[in-house]
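Enquirer: Mind having a look at this structure? Questions to follow.
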Amino acid sequence: MPDGGYSDLSVRGIEELYRRGGARPSDVVGSCLDAIEAKDGIVGAFVEVFREEALARARELDGEDSRGRPLFGVPVAVKDNICTRLMPTSCGSRILRGYRPPYDATAVSRLRAAGAVIVGKTNMDEFAMGSSTEHSSSHPTRNPWDTDCAPGGSSGGSAAAVAAGMVPLALGSDTGGSIRQPASFCGVTGIKGTWGRVSRYGLVAFASSLDQIGPIAADVDGCARALRAIAGADGIDSTALADPCPALEGGGEAALDGMRIGVPSSIKGIDLDPSVSAALAAAVRHAAEAGSRVAEVDLPDLGLTIACYYVIAAAEASSNLARYDGVRFGMRVGSDTLGEMYARTRSAGFGEEVKRRILLGTFVLSSGYHDQYYGRACEVRERIRDCYRRLFGSIDLLILPTAPGPAFRLGERLDDPVAMYLSDIFTTPASVAGLPAVSIPAGLSADGLPVGLQLIAAGGREDLIVRGASALERAFAFRRRCVPGGSGGGGRS
Ligand code: GLN
């Protein structure tokens, strides 16, 4: 076994290891569990670790045939808003503490069917509302690159677990950027598919018309393998896309040859960290050298897009969260009257950010304001969708930053919700338009923190983002940093 164990291998690395008989699933899963034990005291990526269950499952796999199971013996961490049968699923909320769903989410059952071993649940902003994982009722997660910084959010636990080399693969969820922004902050790769690409059955709803489950891994290949395993129609989610996921293959150096790539002209007015501008310029240069046709394009107003997102997401959240009433799920604060029991339970069970969203959402849906806010946001969303549909008639890929800068410090934006919301300026377009998008690590800031770049394609074209991202990944040759707080390694090689 290598010094650091097997926990920082990629998904492909694990497959190759098994193929040549170098280790068994129980060795790899055991190694990841040891890494979690050694590192998670500092990082805080996990809220639950299923040590015994994971080891027992891995030992079963030791004696089985891997054929036909593309994620055979791959340890996976799952964001805590994705249901795991009879295992805690609390969504980072007090109100669901101790809740054990009676079923697996479709994405989880597909992972299991593909041979993956679920090792635990990862920390997140409560009900996935946030961009820093600080709005968790358990504990904040730290960025493995600098433990004074946030890992991003809301899938910060999943991104930090992969970045710190505790697991090769994790599931996150993305409503307005929650896979891509933490991937960018933690120097790992994350994909949000076309809306409907992955079944939402068993994903605890935040904003149903935007929510998507997706993978976070150390590389594009790991994400593509996982997405392939979890994508596809599902009889218990009628909104899951019926058409099959396109083949997700890297395509080698030639992938960028002849691609039509758009770079938004509008980002010139946005304050970007110099490392983000440099990464974007480097990507454009590389794509052009590799034979892509790169042109500036006009995007629908980014400020309008993010405003539209926050109205629609809050409206849907206020409705989806009405189910936490102290009767059917999770915690209850008793009282003499039913109305007061609801009020007390919800007051004690929800955190500040969730309450803010419920208030906002209820306001934009209330009579007298509905047309002015929610109705208008829905109209704006249709127009934004049309604009992107037209745009992708003339380009194959859109390339833009994932976030304006690297990870911010823990606590820095907690008292300023608008500053926190603005971290999503580049991720909300793909969410509002329902398009597939990937974030790949693309460089380091002056302080040595990773920054990511995002590729977006037309609806249904995950193949294009995977091909483009694999080619750029090779060009950037970014290395993951695995030791939280340590001084060694990391960055571009
Ligand atoms: N940061 C965004 C929000 O708070 C996105 C969250 C998400 O994608 N789940 O709504």
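Enquirer: Using the Karplus curve 6.51 cos²θ - 1.76 cosθ + 1.60 with θ = phi - 60°, work out ³J(HN,Hα) for each residue of the range 43-58 in order, rounded to whole Hz, and write x for Gly and Pro.
Expert: 7, x, 7, 9, 10, 8, 10, 9, 4, 5, 4, 5, 5, 4, 5, 5
Enquirer: How big, on average over all directions, is the shadow cast by the Cα convex hull of the chain, in nm²?
Expert: About 21.9 nm², averaged over all directions.
Enquirer: Right, another one. Please list, ordered by chain and number, the residues whose modelled amide H lies under 5 Å from the amide H of Ala442; skip anything fewer than 5 residues away on the same chain.
Expert: Under 5 Å from the amide H of Ala442 lie the amide H atoms of Val451, Gly452, Leu453, each far enough along the sequence or on another chain.
Enquirer: Residue by residue through the range 269-279, what is 3J(HN,Hα) from phi via Karplus (6.51 cos²θ - 1.76 cosθ + 1.60, θ = phi - 60°)? Round to whole Hz and write x for glycine and proline.
Expert: For the range 269-279, the Karplus curve yields x, 9, 6, 10, 4, x, 5, 6, 4, 5, 5 Hz.
Enquirer: Which distance in Å, rounded to a whole number, links the C-alpha centroids of the range 192-253 and the range 55-106?
Expert: 17 Å
Enquirer: I would also like to ask the following. What span do the alpha-carbon atoms of the range 183-253 cover on each of the three principal axes, reported in whole Å from largest to smallest?
Expert: Per principal axis, max minus min of the Cα coordinates gives 37, 27, 15 Å.
Enquirer: How big is the range 159-283 by Rg and Dmax over its Cα atoms, in Å?
Expert: Calculated on Cα positions, Rg and Dmax stand at 16.1, 47 Å.
Enquirer: Let me ask another. Starting from 0.36 nm per residue, how many nanometres of slack lie between Ala247 and Asp148 once their C-alpha separation is accounted for?
Expert: Extending this stretch completely gives an extra 31.6 nm.
Enquirer: Which ³J(HN,Hα) values, rounded to whole Hz and listed in residue order, are derived for the range 348-364 from phi using the Karplus coefficients 6.51, -1.76 and 1.60 in 6.51 cos²θ - 1.76 cosθ + 1.60 with θ = phi - 60°, glycine and proline given as x?
Expert: 7, x, 8, x, 4, 5, 5, 4, 4, 5, 5, 5, 4, x, 5, 5, 5
Enquirer: Further, regarding this structure: Just order 79-92, 355-368, 313-326, 196-209 by mean Cβ neighbour count inside 10 Å, highest at the front, would you?
Expert: 79-92, 196-209, 313-326, 355-368
Enquirer: Here's something else I'd like to know. Charges on Cβ only, +1 for Lys and Arg, -1 for Asp and Glu, centred on the Cα centroid of the chain; of Ser423, Gly196, Gln372, which one is farthest towards the dipole's positive end?
Expert: Projecting each Cα onto the dipole axis, the largest value belongs to Gly196.
Enquirer: Ignoring ligands, DNA and RNA, what percent of the accessible area of the chain is carbon or sulfur (1.4 Å)?
Expert: 50 percent
Enquirer: May I ask for the distance between the Cα centers of the range 324-357 and the range 379-428, given as a whole number of Å?
Expert: 33 Å
Enquirer: Ok, one more. What are the residues whose amide H is under 5 Å from the amide H of Glu48, where those residues sit 5 or more places off or on another chain and H is modelled from the backbone?
Expert: Lys121
Enquirer: Roughly what % of DSSP beta bridges within the chain run antiparallel, to the nearest 5?
Expert: Approximately 70 percent, going by the DSSP bridge assignments.
Enquirer: Here's something else I'd like to know. In debye, nearest 20: dipole of the chain around its Cα centre with unit charges on the Cβ of K, R (+) and D, E (-)?
Expert: 560 debye
Enquirer: Residue farthest toward the positive end of the dipole of the chain, with Cβ of Lys/Arg at +1 and Asp/Glu at -1: which of Leu171, Tyr310, Gly187?
Expert: Result: Leu171.
Enquirer: Also: Applying a 10 Å radius around every beta-carbon, put 45-56, 336-347, 224-235 in order of their mean neighbour count, most first.
Expert: 224-235, 45-56, 336-347
Enquirer: Under 5 Å between amide hydrogens, which residues at least 5 positions from Leu169 or on another chain qualify, with H placed 1.01 Å from N in the peptide plane?
Expert: Ala77
Enquirer: Let me ask something else. Once you have the alpha carbon radius of gyration of the range 342-493, what is it after dividing by 2.2 N^0.38 Å, with N set to its residue count?
Expert: Cα-based Rg divided by the globular estimate yields 1.33.
Enquirer: Where does the Debye-calculated log10 I(q)/I(0) of the range 124-163 sit at q = 0.19, 0.23, 0.35 Å⁻¹, using only Cα point scatterers of equal weight, no solvent?
Expert: Cα-only, vacuum Debye calculation for the range 124-163: -0.39, -0.57, -1.16.
Enquirer: A further question on this structure: For the range 70-181, what is the accessible area per residue in Å², given a 1.4 Å probe and the full set of protein chains?
Expert: Value returned for the range 70-181: 18 Å² of accessible area per residue.
Enquirer: What three numbers, in Å, describe the spread of the alpha carbons of the range 1-46 along their principal axes, ordered from the longest?
Expert: Projected onto the principal axes, the Cα atoms of the range 1-46 cover 34, 17, 16 Å.
Enquirer: Tell me the per residue accessible area of the range 187-308 using a 1.4 Å probe; a whole number in Å² is fine.
Expert: Ligands and nucleic acids excluded, the figure is 37 Å² per residue.
Enquirer: Greater than 22 Å separation of Cα atoms is the criterion. Which listed pairs, Lys39/Lys355; Lys39/Lys192; Lys192/Lys355; Lys79/Lys192, meet it?
Expert: Over 22 Å apart, Cα to Cα: Lys39/Lys355; Lys39/Lys192; Lys192/Lys355.
Enquirer: Now for a different question. Once the principal axes of the Cα atoms of the range 268-365 are found, what is the range along each, listed largest first in whole angstroms?
Expert: 71, 24, 23 Å, listed from the longest principal axis down.
The values are calculated or read from the model by the stated rules, or taken from the named source; none is laboratory data. Everything numeric here is computed off the predicted structure, so don't read it as measured data. In this analysis, Cβ positions are derived from the backbone assuming ideal geometry, glycine residues included, and neighbour counts consider all displayed protein chains. For the accessible areas, the whole protein counts, side chains as well, though only heavy atoms, and no ligand, DNA or RNA atoms are used. Shrake-Rupley method; radii C 1.70, N 1.55, O 1.52, S 1.80 Å.
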